[in-house]
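Asker: Below is the structure I would like to discuss, written out as structure tokens.
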Amino acid sequence: MIILVVNTGSSSLKYQLFDMDKKEVLAKGLCERIAEDGHMDYKAGDKTVFDKDIALPNHGVALQYVIDALTDSEYGVIADMNDINAVGHRVVQGGHLFNKSMVITPEVEEAIDRFSVLAPLHNPPALVGIRACKQVLPNTTQVAVFDTSFHQTMPEESYLYPIPMEYYEKYQIRKYGMHGTSHRYVTERCVELCGKDRSELNIITCHLGNGSSITAVKNGYCYNTSMGMTPLDGLIMGTRTGTLDPSVVSFINEQTGMSASDVISMFNKKSGLLAVSGISGDVRDISKAAAEGNHRAQIAREMLLKSVRHFIGAYAAEMGRVDAIVFTAGIGENDIDLREKVCGSLEFMGVKIDAEKNNTRGKETEITAPGATVRTFVIPTNEELMIAIDTEALAGE
Ligand code: ADP
């Protein structure tokens, strides 16, 4: 089966075409600066065929260029657009309605639209992508894969906020969690690598990238996660605060006159590691400056380590037993020093990693040392593959 995976942002459209029978990525690329000056790249297999500025007035035009490239007689990878059996879309917010991926019916589309209020930066572009695909590929099954669905197994004591219940009942204000497709992918890989039934495993999955979240997976299913109603909560991130006292919002408002939404925007875009280091939100830049003796970069890095330890410790206590810890995403897969320092402080709970095995980047590796009672893994995430697997399963039904 041939599956096109589409991940639409407000001005971008990432795509990957999978041949599920051969388990191969046939082509992939990115259309960016849509409705601005426009840029597109296209790789067939591992080879970049083009990487060029091109007018992309809207997502529909971008998608048409993607289809044109995929079916091009010279460098295309399929003969005809009807060879695409189904399209899988990444959708950030599925609210409380979707605990699994769904074929996109008018009702599902309407619900994605309704949940835009909870993910105003993410759901509207996903809908634009879905509608563009419907137009360009009208007869092809479309599937929505929600970032929130993996977290729908959280119990009430994890997802409810301790505020008057009417806010939950009337406005569905609660913890939803994000990065669910990534947490699910690495959980499933970890279960396979452990060779046990998922119900026997308590796992802590650490998705550490520009946006970061940590999830407690109890008996194979999500029990708690560090992001909240929005992706602002939890760990300190590249430009996001993570958890802080909400009174800071009204205090800044009273002191400076900044509106609540401007303060939240500052918390999302100008805070976190960027604000503390004063240099960058990129962990590579921060680590380099810290190694050169920059004090603020050193604090930023310490805050990141502390934040990761904090959630692992909390979730270990909440679950009562941990069988495995997984590191994934840009930082989790690549930052050898972070894994060493975080795991080094978890020896009291049976975590012990092997320095040589830990000397790895972006490769699926078990880094557990002899004598550990908790297994530790580096598992590169693959959200696109997870979306393709779900899409294939639903399109085949
Ligand atoms: P996104 O959330 O945008 O998908 P990524 O998962 O790509 O982010 O992660 C980006 C982060 O990964 C950046 O902070 C970057 O510094 C970090 N990163 C990437 N490569 C390395 C590396 N070799 N060592 C340390 N950190 C890295």
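The values are calculated or read from the model by the stated rules, or taken from the named source; none is laboratory data. Fair warning: this is a prediction, and the values are worked out from it, not measured in the lab. Note that each Cβ is placed from the backbone with ideal geometry, even for glycine, and that neighbours are counted across all protein chains shown.
Asker: Would you be able to say whether some residue in region 203-216 is aliphatic (A, V, I, L, M), within 22 Å of His122 (Cβ to Cβ) and surrounded by fewer than 20 Cβ atoms within 10 Å (Cβ to Cβ)?
Answerer: no
Asker: A further question on this structure: From (1) closer than 22 Å to Gly95 by Cβ; (2) in contact with a Lys or Arg (Cβ under 8 Å, 6 or more places away or on another chain), pick out the condition that doesn't hold for Tyr171.
Answerer: That leaves (2) as the condition not met.
Asker: When Asn334 is evaluated against the numbered criteria (1) away from the ligand (no atom under 14 Å from the Cβ); (2) under 22 Å from Tyr185 (Cα atoms); (3) of a type outside the set (Val, Ile, Thr), which criterion, by number, is the only one it fails?
Answerer: Status for Asn334: all satisfied but (1).
Asker: Does region 361-397 hold any residues that are under 22 Å from the mean Cα position of the chain (by Cα), crowded, with 24+ Cβ neighbours inside 10 Å and either farther than 29 Å from Leu4 by Cα or modelled with pLDDT under 95 (or both), and which are they?
Answerer: Residue satisfying the conditions is Thr376 alone.
Asker: Could you give me the residue pairs with C-beta distances under 7 Å whose first residue belongs to region 188-204 and is closer than 13 Å to Phe377 by Cα and modelled with pLDDT of 95 or more, whose second residue is assigned to a loop (DSSP other than H, G, I, E, B) and of a type in the set (Val, Ile, Thr) wherever it lies, and which are 6+ apart or on separate chains?
Answerer: Within 7 Å, the pairs are Arg189/Ile379; Cys190/Ile379; Ile204/Val322.
Asker: So Gly293 passes all but one of these: (1) within 20 Å of the chain's Cα centre (by Cα); (2) surrounded by fewer than 17 Cβ atoms within 10 Å (Cβ to Cβ). Which condition number does it fail?
Answerer: Condition (1) is where Gly293 drops out.
Asker: Please go through region 139-184 and give me each residue that is in contact with a Ser or Thr (Cβ under 6 Å, 6 or more places away or on another chain) and assigned to a helix (DSSP H, G or I), ordered by number.
Answerer: Within region 139-184, His151, Gly180, Ser182, His183 qualify.
Asker: Can you give me the ranges of the strands (runs of 3 or more DSSP E) entirely in region 1-93 with at least 1 residues that are surrounded by fewer than 19 Cβ atoms within 10 Å (Cβ to Cβ) and without any contact (Cβ under 8 Å) to a residue 40 or more places away in the chain?
Answerer: Those strands (runs of 3 or more DSSP E) span 13-19, 24-32, 39-44, 47-53.
Asker: Looking at region 257-266 only, could you name the residues that are over 16 Å from Asp233 (Cα atoms) and either outside any helix (DSSP H, G or I) or polar (S, T, N, Q) (or both)?
Answerer: Scanning region 257-266 gives Gly257, Met258, Ser259.
Asker: Tell me, please, whether a residue that is within 11 Å of the ligand (Cβ to nearest atom), under 28 Å from Ile204 (Cβ atoms), of a type in the set (Ser, Thr, Tyr) and part of a helix (DSSP H, G or I) can be found in region 273-284.
Answerer: Taking every residue of region 273-284 in turn, none turns out to be within 11 Å of the ligand (Cβ to nearest atom), under 28 Å from Ile204 (Cβ atoms), of a type in the set (Ser, Thr, Tyr) and part of a helix (DSSP H, G or I).
Asker: What number goes with the only condition from (1) under 20 Å from the mean Cα position of the chain (by Cα); (2) under 16 Å from Ser213 (Cα atoms) that Ala316 does not pass?
Answerer: In the conditions (1) under 20 Å from the mean Cα position of the chain (by Cα); (2) under 16 Å from Ser213 (Cα atoms), Ala316 misses (1) alone.
Asker: Tell me which of these Thr230 doesn't satisfy, since it passes every other one: (1) touching a residue at least 12 places away in the same chain (Cβ under 8 Å); (2) of a type in the set (S, T, N, Q); (3) more than 16 Å from the ligand (Cβ to nearest atom).
Answerer: Failed condition: (3).
Asker: What are the residue pairs meeting all of these: first residue in region 142-163, first residue in contact (Cβ under 8 Å) with a residue 60 or more places away in the chain and buried (at least 22 other Cβ atoms within 10 Å of the Cβ), second residue assigned to a loop (DSSP other than H, G, I, E, B) and among the polar types (S, T, N, Q), Cβ atoms under 7 Å, and 6 or more apart or on different chains?
Answerer: Cβ pairs passing all conditions: Val143/Ser101; Val145/Ser101.
Asker: Is there a residue in region 236-254 that is acidic (Asp, Glu), modelled with pLDDT of 95 or more and either crowded, with 20+ Cβ neighbours inside 10 Å or within 16 Å of the ligand (Cβ to nearest atom) (or both)?
Answerer: no
Asker: Restricting to region 201-221, count the residues that are closer than 24 Å to Gly272 by Cβ and either in contact with a Cys (Cβ under 9 Å, 6 or more places away or on another chain) or more than 16 Å from the ligand (Cβ to nearest atom) (or both).
Answerer: 7
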